[in-house]
Amino acid sequence: MLTLGISTSSGQFALVLGEDNKLIFDSDDFQLSEKKDISILISTCLEFTKISVSSISNIIADIGPGGTSRVRTGIAFANSLAYSLGIAVCPVSSLELAGIEAWDNYARPVISTVKSINGNAYCGFFNNNKLISIEYGTINNLIPHLANGLEEIVVVGYHRELIKSLLPTKKIIDSGSLYGNAKILVEKSYLFLDRAIFFPKFAIPINEKTIQR
């Protein structure tokens with residue numbers, strides 16, 4: 001089974017392809033100046049792997065939060081490709097990807113953040129291999145609430161240093177990462193396949209209007 005993974009929420013698009021949870025293509029391995037163009041990434045993937053696009057079984061798409069225009073573009077591409085192939089899109093939050101990677105590395109509760117507008121942020125809380133919640137608001141208000149009762153926390157994202165200053169009594173483990181790794185989309189595809197969405201339903205970007213608090 002071939003799985004195409006599309007990451008939309010990091011600094012640029014990332015595209016991965018895997019077969020039975022084994023990575024066979026990662027756009028980050030290529031020095032592509034055109035990483036802003038997702039169609040070029042998929043063309044490079046198919047040329048490198050010698051695989052026909054019609055062989056793709058499902059698509060797992062990072063639906064944000066992240067840069068608004070990039071997330072929308074990536075999800076629109078994923079939805080369109082899935083529709084044309086008659087296959088499913090499986091949506092995954094970027095905050096969940098960050099949590100999975102950090103949990104695998106440290107086995108501690110994870111707080112991941114994404115910068116938003118007007119001083120706000122998205123905060124994901126991940127624990128025991130599960131995304132528990134996504135919150136939206138100011139870091140100063142959200143972090144003490146999410147960290148309540150925890151002794152150790154792994155932090156991922158834009159606000160790592162700020163979180164350290166807000167929680168001086170906690171043991172903070174800095175992951176050193178801004179985002180989760182796109183490889184997770186295919187190497188752990190089994191975590192996401194039960195979320196399959198088929199036309200006429202579509203994957204929807206996470207933003208301040210669509211977030212489920």
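The values are calculated or read from the model by the stated rules, or taken from the named source; none is laboratory data. Note that the structure is a prediction, hence the values are computed from the model and not measured. Quick reminder, even Gly has a Cβ in these numbers, built from the backbone with ideal geometry, and neighbours come from all protein chains shown.
In this entry, Ile111 is excluded by the filter for residues that are under 15 Å from the mean Cα position of the chain (by Cα), modelled with pLDDT of 95 or more and closer than 27 Å to Asp29 by Cα.
For (1) in contact with a His (Cβ under 6 Å, 6 or more places away or on another chain); (2) among the aliphatic types (A, V, I, L, M); (3) in a loop (DSSP other than H, G, I, E, B), each residue gets a yes or a no:
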| position | (1), (2), (3) |
| --- | --- |
| Gly66 | no, no, yes |
| Ser69 | no, no, no |
| Tyr136 | no, no, no |
| Ile143 | no, yes, no |
| Gly149 | no, no, yes |
| Ser165 | no, no, no |
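For Ser93, are the conditions met, namely being in contact with a Leu (Cβ under 9 Å, 6 or more places away or on another chain), closer than 28 Å to Ser57 by Cα, hydroxyl-bearing (Ser, Thr, Tyr) and in contact (Cβ under 8 Å) with a residue 60 or more places away in the chain?
Numbers: in contact with a Leu (Cβ under 9 Å, 6 or more places away or on another chain): yes; closer than 28 Å to Ser57 by Cα: yes; hydroxyl-bearing (Ser, Thr, Tyr): yes; in contact (Cβ under 8 Å) with a residue 60 or more places away in the chain: yes.
The answer is yes for Ser93.
Inspection of segment 40-49 identifies no residue that is within 18 Å of the chain's Cα centre (by Cα), outside the structural domain of Ala98 (by TED's automatic domain parsing) and at positive phi. Would a scan of segment 124-131 turn up a residue that is closer than 18 Å to Ser10 by Cα, surrounded by 16 or more Cβ atoms within 10 Å (Cβ to Cβ) and in contact (Cβ under 8 Å) with a residue 24 or more places away in the chain? Yes, that holds for at least one residue. May I ask you to list the residues in segment 110-123 that are crowded, with 22+ Cβ neighbours inside 10 Å and in contact (Cβ under 8 Å) with a residue 40 or more places away in the chain? Val110, Ile111, Ser112, Thr113, Val114, Tyr122, listed by residue number. Evaluate segment 156-175: report whether one residue or more is outside the structural domain of Ala14 (by TED's automatic domain parsing), aliphatic (A, V, I, L, M), surrounded by 13 or more Cβ atoms within 10 Å (Cβ to Cβ) and under 17 Å from the mean Cα position of the chain (by Cα). Within segment 156-175, one or more residues are outside the structural domain of Ala14 (by TED's automatic domain parsing), aliphatic (A, V, I, L, M), surrounded by 13 or more Cβ atoms within 10 Å (Cβ to Cβ) and under 17 Å from the mean Cα position of the chain (by Cα). Of Ser69, Ser84, Ser80, Ser57, which residue is surrounded by fewer than 20 Cβ atoms within 10 Å (Cβ to Cβ), in contact (Cβ under 8 Å) with a residue 24 or more places away in the chain and in the same structural domain as Leu41 (by TED's automatic domain parsing)? After applying the criteria, what remains is Ser57.
Can you say whether Leu166 is in contact with a Pro (Cβ under 8 Å, 6 or more places away or on another chain), in contact (Cβ under 8 Å) with a residue 40 or more places away in the chain and over 19 Å from Ile211 (Cβ atoms), as far as the supplied structure shows? The answer is no for Leu166.
When Val154, Val186 are checked against the criterion of being in contact (Cβ under 8 Å) with a residue 12 or more places away in the chain, over 17 Å from Pro65 (Cα atoms) and not in a strand (DSSP E or B), Val186 stands alone in meeting it.
Has segment 28-36 got at least one residue that is under 17 Å from Leu193 (Cα atoms) and either assigned to a loop (DSSP other than H, G, I, E, B) or outside the structural domain of Gly157 (by TED's automatic domain parsing) (or both)? Quick ask: steps written out before the conclusion?
Our first condition is that a residue be under 17 Å from Leu193 (Cα atoms); within segment 28-36, this holds for none.
No, that holds for no residue.
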